[in-house]
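S.K.: One structure coming up, written as structure tokens, with questions to follow.
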Amino acid sequence: MASVHTVLIFFALVSLQFSLAGCDGVSMPGTGDAGPPTVARADTVVDAPGAGAGPFRDPSRAIDGVRGGGLGAGSLDVYSIDYGTHLVLSWGGRRVLDGPGVDLVVFENPFHYGDGLTFMDPAIVEVSVDGEAWVALPHEYAADDPSVYSARGADWRGFAGVTPVTLHEEHHPVDPFDVSAAGGDGFDLATLPDEGEAGRIRREGAALVRIRAAHDHVDPRTGARYPRDPVANGPDIDGVYARYVSAW
């Protein structure tokens with residue numbers, strides 16, 4: 001009769017063989033050209049020309065963890081981007097890669113305040129390989145009258161700062177890519193054109209993300225700046241997560 005040690009060794013070898021087979025020949029769920037998901041929060045402030053005195057002028061608030069205020073309140077753990085300025089974040093030298101589904105989620109601090117209405121300060125998200133050439137992720141202001149501000153989130157397609165944030169690092173630490181649980185606005189690098197600098201980002205990944213107020217950009221439908229809520233004073237960034245991040 002085989003000893004207990006012999007039986008244990010046998011099962012260990014069988015288990016190892018199945019593990020190796022799974023690594024070599026099985027496509028695990030959620031993987032693609034970017035490899036298995038490696039979720040990481042942007043952890044480096046590269047440029048914040050609006051930084052200054054005051055709690056909402058400290059750009060480290062945009063990298064210290066997401067602390068959403070829920071559906072009916074905006075977070076106070078944010079960095080406010082003044083109109084005419086921007087915020088550039090990175091993953092400390094690593095790159096955000098294009099993988100299956102949403103690759104980036106930007107958490108701002110919009111909140112619902114009425115029947116289908118949301119207080120928003122929409123932002124445009126741009127990505128870059130080197131900080132020299134920037135490519136905006138696709139967006140469209142789809143209001144019936146594009147010259148007038150709409151407080152309906154569905155009109156701001158592909159903008160950040162549209163969906164309230166329920167993710168909270170301490171009190172509600174959910175998957176940042178589960179929009180139903182975390183909120184925030186997702187972006188997919190695969191929506192970029194597969195040519196020029198955009199194609200390069202799709203192939204090589206993005207080292208930097210830049211966020212600017214939509215109001216600082218011109219809407220091609222009108223030739224004028226995107227409209228804004230009269231009481232808004234610039235996007236407030238709580239954090240940015242990437243799903244597929246290179247090792248270094």
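FYI, it's all coordinate maths here, none of it is from the lab. What you see is a predicted model; the values in this text were computed from it and never measured. Cβ coordinates were reconstructed from backbone atoms using ideal geometry, including for glycine residues, and neighbour counts include every protein chain displayed.
S.K.: Highest mean first, how do 167-179, 75-87 rank when packing is the count of other Cβ atoms within 10 Å averaged over residues?
M.R.: On the way: 167-179: 15.9, 75-87: 20.4.
Result, highest mean first: 75-87, 167-179.
S.K.: Related question: Would you mind classifying the stretch 79-131 by shape? Square roots of the alpha carbon gyration tensor eigenvalues, ordered a ≥ b ≥ c; an a/c under 1.5 is rounded, otherwise it is prolate if a/b is larger than b/c and oblate if not. The partial results should precede the final answer.
M.R.: Values: a/c = 3.06, a/b = 1.59, b/c = 1.93.
It comes out oblate by the Cα gyration axes.
S.K.: Shifting gears a bit: Put a dot 7 Å past each Cα toward the Cβ at Leu117 and Leu76; how far apart are the dots in nm?
M.R.: Each label point is offset 7 Å from its Cα along the Cβ direction, giving 2.5 nm.
S.K.: P(r) tail for the chain, what percent of Cα pairs lie past 27 Å? Kindly include the intermediate steps, with their values, before the conclusion.
M.R.: Numbers: 12155 of 30628 pairs.
Percentage above 27 Å: 40.
S.K.: Looking at the square roots a ≥ b ≥ c of the eigenvalues of the Cα gyration tensor of the stretch 91-198, which shape do they give, rounded for a/c under 1.5, prolate if a/b is larger than b/c, or oblate? Mind showing how you got there, number by number?
M.R.: On the way: a/c = 2.23, a/b = 1.21, b/c = 1.84.
Since a/c reaches 1.5 but b/c is at least a/b, the shape of the stretch 91-198 is classed as oblate.
S.K.: Ok, one more. Rounded if a/c is under 1.5, else prolate if a/b is larger than b/c, else oblate: which is the stretch 149-238, with a ≥ b ≥ c the root eigenvalues of its Cα gyration tensor?
M.R.: On the way: a/c = 2.04, a/b = 1.05, b/c = 1.94.
Since a/c reaches 1.5 but b/c is at least a/b, the shape of the stretch 149-238 is classed as oblate.
S.K.: Which residues' amide hydrogens lie under 5 Å from the amide hydrogen of Leu208, considering only partners 5 or more residues apart or on another chain, with H built in the peptide plane?
M.R.: Ser128
S.K.: I've got another one for you. Using only DSSP helix segments of four residues or longer, with each worth -39500 (n - 2.57), what per-residue ellipticity at 222 nm results for the chain after dividing by its residue count and rounding to 500? Walk me through the intermediate numbers first.
M.R.: On the way: 3 runs with 35 residues, N = 248.
The per-residue figure over the chain is -4500 deg cm²/dmol.
S.K.: Suppose each label sits 7 Å from its Cα in the direction of the beta carbon; what would the Asp229-Asp175 distance come out to in nanometres?
M.R.: Result for the modelled spin labels: 3.0 nm.
S.K.: Also, I was wondering about something else. List residues of the stretch 202-231, by number, whose backbone nitrogen lies under 17 Å from a label position 7 Å along Cα→C-beta of Tyr83.
M.R.: From the stretch 202-231, the list is 212-219, 223-231.
S.K.: Relative to the compact-globule scaling 2.2 N^0.38 Å, provide the ratio for the alpha-carbon radius of gyration of the stretch 50-119. Please list the in-between numbers first.
M.R.: Working: Rg = 14.5 Å, N = 70, 2.2 N^0.38 = 11.1 Å.
That works out to 1.31 for the stretch 50-119.
S.K.: Taking the Cα centre of each part, how many Å lie between the stretch 62-109 and the stretch 187-248?
M.R.: 11 Å
S.K.: Once both labels are modelled 7 Å past Cα along the beta-carbon direction, what's the Asp194-Ala154 spacing in nm?
M.R.: It works out to 3.2 nm between the two label points.
S.K.: Only Lys, Arg, Asp and Glu count, each charged at its Cβ (+1, +1, -1, -1), so figure out the dipole size of the chain about its Cα centre, rounded to 20 debye.
M.R.: Computed charge dipole of the chain: roughly 340 debye.
S.K.: For Trp156, Trp248, Trp91, what's the fewest-to-most ordering of other Cβ within 10 Å of each Cβ?
M.R.: Listing Trp156, Trp248, Trp91 from fewest to most nearby Cβ atoms yields Trp248, Trp91, Trp156.
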